[in-house]
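Following: one structure in structure tokens, then a few remarks.
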Amino acid sequence: MLFVLATLAATLAATLAVAAPHPLIARSSTTCKTESALVCNADGSKFAICSWGQAVFQDVASGTLCVCAHGDDELCTIAAADAPQSSAPAPAPPSPPPSPPPAPSAKPEPAPPAPSTPAPAPAPPSGGSSNYKMYLGNGSPSQGWPTLADWESFDDIWTANLETIGSSCTQFGQENNSPEETDDIRAALLSESKAVGIDPRLSLATMLQESKGCVRVWSTNYGVENPGLFQSHNGQGNCFGTNPCTESEIIQMVKDGVSGTADGAGLKGVIQQATEAGDKGVQAMYGGLRMYNSGSIDPSGNLEAGIATHCYVTDIANRLTGWSEGNTGCTLDA
């Protein structure tokens, strides 16, 4: 039987090479407890099969070692000599590389909203006013008429009425002023008024009342021919039906109205007549305007009384103080 056991042990030594799951140690005892159990000597170079409490050792095969787990006679085995005495857990496989970020969506990003169409810029203010105040009486500030300090500046009056001047010939069935013709009017008003000592604001407001600044205005005739920008008394300047109106003709029309003609007084002359009649300062200017329109002042002294255009002077007073839009607020001639 011992021969059979020895043969079995040799076979095991030649075939077994399994590593124990715990640290392996060599046994040194020559006694054993478990019948037919594999036991090892102290240095693991020998093995035996326990029989009747005794272990008969013999050399293990070359390249092998007899080892037991934790000194337990029942857990001995033959292992390869170079096997590790303690089995370390296999290294964990490397972590898989992080997933690549998801590919950008094929759906294109929405286009940024188109800039909103800006609202059209508001039209620049014309500087005009539709405010109208009715003035009655003799033209004196004591009766409520505006003083020279109440008048707007020449530039402000001009600017407020520039649109009217530029479209004024339509009412006469004529070609409207060209920019050059309008510029010539402005220059002539300033130069001719200065030449005779008339406030250019008064000249501008009177021209607006007579023709609204149309260089091709027709002539009126109520016994006297009244041509040109100022509808002067038998004046020489006239561009009705003429296009373009020359600078010299424009100057002549303004001169006829401001300085006067051979047959009738201009603004200079009628203001002088009102002054001689006893009016002073701005009152003489308003009185002179009434005479320019009708040739005389009513015996009452009230500028709305008498013949011709009863609203004439109050209209011009309003033009001087800013009125430039809409119909007259005066109803005396309605």
Next item on the list: Of the conditions (1) surrounded by fewer than 22 Cβ atoms within 10 Å (Cβ to Cβ); (2) more than 21 Å from residue 233 (Cα to Cα); (3) touching a residue at least 12 places away in the same chain (Cβ under 8 Å), residue 320 clears all except one; give me its number.
Entry: (1)
Check: So how many residues does region 124-157 have that are within 20 Å of residue 189 (Cβ to Cβ), at pLDDT below 95 and of a type in the set (S, T, N, Q)?
Finding: 1
Check: Within region 220-227, can one find any residue that is under 12 Å from residue 154 (Cβ atoms) and either free of Cβ contacts under 8 Å to residues at least 60 places away in the same chain or touching a Cys at 6+ places or on another chain (Cβ under 8 Å) (or both)?
Finding: no
Check: Residues 140, 167: which one is among the polar types (S, T, N, Q) and farther than 18 Å from residue 315 by Cα?
Finding: 167
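Of everything in region 132-163 that's on the phi > 0 side of the Ramachandran plot and in contact (Cβ under 8 Å) with a residue 24 or more places away in the chain, which residue is surrounded by the most Cβ atoms within 10 Å (Cβ to Cβ)?
This residue is 139.
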Notebook entry, point to check: From the set of residues in region 291-317 that are in contact with a Phe, Trp or Tyr (Cβ under 8 Å, 6 or more places away or on another chain) and without any contact (Cβ under 8 Å) to a residue 40 or more places away in the chain, which is farthest from residue 193 (Cα to Cα)?
Noted result: 294
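The values are calculated or read from the model by the stated rules, or taken from the named source; none is laboratory data. This is a predicted model, so every value here is computed, not measured. When we count neighbours, we look across all protein chains shown, and the Cβ atoms used for this are built from the backbone with ideal geometry, even at glycine.
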